[in-house]
1. Within the set of other residues whose C-beta is less than 15 Å from the C-beta of SER38, count the net charge using Lys and Arg as +1 and Asp and Glu as -1.
2. Measuring from label point to label point, each 7 Å out along Cα→Cβ, what is the ARG263 to THR147 span in nm?
3. With Cβ to Cβ distances under 15 Å as the rule, what net charge do the other residues near GLN317 carry (K, R +1; D, E -1)?
4. By per-residue mean of other Cβ atoms within 10 Å, what is the highest-first order of 28-34, 115-121, 94-100?
5. Based on the mean of other Cβ atoms within 10 Å per residue, sort peptides 340-348, 71-79, 245-253 so the most packed one is first.
6. Quick one: if the Förster radius is 41 Å, what FRET efficiency do ALA44 and VAL315 give, using the C-beta to C-beta distance and rounding to 0.05?
7. What's the ranking of 418-424, 302-308 by average number of surrounding C-beta atoms within 10 Å, highest first?
8. Evaluate the distance, in nm, between pseudo-label points positioned 7 Å from the Cα of SER52 and of THR354 along their respective Cα→Cβ axes.
Amino acid sequence: MKSSLFVLLVLVTRLTATPQLSSWYTNSSGSYARIYDSTAAQNAGTAVTTWSRGQGVQSSPTYAGVHRISYSADWIYIRTTGLATHIMGPWYLNAGKTQNFPNFPSNTAKTYRIPRSPVIPVIKTTTQGGATGYYVNGVAMFNMTDTFTYSNSTGLDVANGGDGIWVREAYHNEGVTFDPAFAHQAMNQYHYHAQPPGLRHQLGDHVDYAPATNTYTEAAGLPANHSPVIAWAADGLPVYGPYGYADPLVPTSGIKRMVSGFRLRAITTRTTLAAWSARLHGVSATLAANRYGPNVSATFSLGHYLEDYEYLGDVGQTQGVEFDLNEQNARWCVTPEFPAGTWSYFLTISGNGTPLFPFACGRQYFGSPTGSEMTSIPEAVTDYWKGGPNLTETNADIDASSDDVTVTWNVAEGGTYSVAASDTLSDFGPIASITATSDTLANTESHPKTAHPNRFYRISRTSLAPFDSSGFDYLSSGSASFTFNFTTTNPGLPPNANPVTVTVSGVTATITAYSNVTGAVAVTFNSSTLATGNHYATLSFTPPGQSTMQKVSTNFYYKAP
């Protein structure tokens, strides 16, 4: 007899997605962040979820990347650990990889917002240090500078000092300290200065990955499709990968790699500035002697400073003919996400994937950079998506190609899951209990088809391992009561039924109300009866007078003081 298989899933209706909401990379949100802490670990393929070095201390696991996306009328908000969804590290100070980089990354518990309606000003704003936007995996985007500028009086590059005219370029000077995904950390904040091949590989943007060597390479030739959104800048404009339409307004014009509007100057002395840098610095292109930079040499090679580059539009070339991107590394174009057109930045690389100046955003924002990191969300917002420990377990896949049946779900790593089965969609009985060691979980039932011609599976999380919850949206420590919403599986449930109970860590509380479709369910605890720490519970009850097929289930967290 042919077997029938069915998996119960919870469907959530979302806001009609805009690219600012839907482009964030959420596929790996149930995974712990991981690093290779040394080349030996990288060569052995042994990544760790806890680590400590310098400012980067991760004493317990935490979830990678973005774990909450919210919105208001004017803003998009993300919450992120700032840790990549690909494996990070290792990091060294020298090419021989004998000197350790001083810091590891760790959970930065960041909230960042971008404007929903970008404004394009006439006068542009220079990018500053720190995050100039966020990549879609929740990692900070830094500009092309490091903290050093040249001091004419001392003949040295000075951190957070110098004359401010000859500004060091980060990839040229710090690239040796980047991990294979082209990132390192400032203090404990992991960030990219240039194109992020690890993220691009996860997004399918023409990058190959060799797990055995932890290396990324640009795929040969040109991709068939336009690059995806890779990041969002502080001005609310998208940052795309390196590939766009050959004609910026014609999607059928083919795909090309975007050509930067900058090239190295043909100079041996640093006594003058290119026109773009003179405009930006507000000085004459011909410098006074006390503003000279060092002569080009092995120590101060060409490309050492941003001012070693010139903008092609200032030397007789034309955007759209000899090059694609303007002085801010942007162009007006149609894209798959914006068929009516948008201003957008593009990553700039060579044909083999080597990052090229100005890398992502230019030295200035094209739009008004009103986005920023936030200590808290200052307004009422609507949640679009939650991940990490709040992940909704979906995407069930059933393999019944043999006598065994394997069911696979996406899950939150560290969760323990009960797998139950039923022949009738009622009276589910447990068949397995499994703890997830990654963001997917599979259970195989041996030879169920003969004994169970109709078979239904249900998964529920019964516990969650302790993790670094800094920045996550748990209820505040010390809360004695809270309210959450749920959606029933049957629109015919009677409203305001008799109270039912729910248990958290052995403590019973009362559900006071529910409605026929959705409802606010008030659950009150005496916090003194709960042990200190994080508590996870599943609310699951059968409304009075209803069958078990109409059971209502949801999950919630409580953090005791």
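Here, each number is a calculation from the coordinates, and none is a lab measurement. Computed from a predicted structure; not experimentally measured. Because the Cβ atoms are built from the backbone with ideal geometry, glycine has one as well, and the counts that use them run over all protein chains shown.
1. +1
2. 3.6 nm
3. That works out to -2.
4. 28-34, 115-121, 94-100
5. Those peptides, ordered most packed to least, come out 340-348, 71-79, 245-253.
6. With a Förster radius of 41 Å, E is 0.20.
7. 302-308, 418-424
8. Result: 4.1 nm between the two label points.
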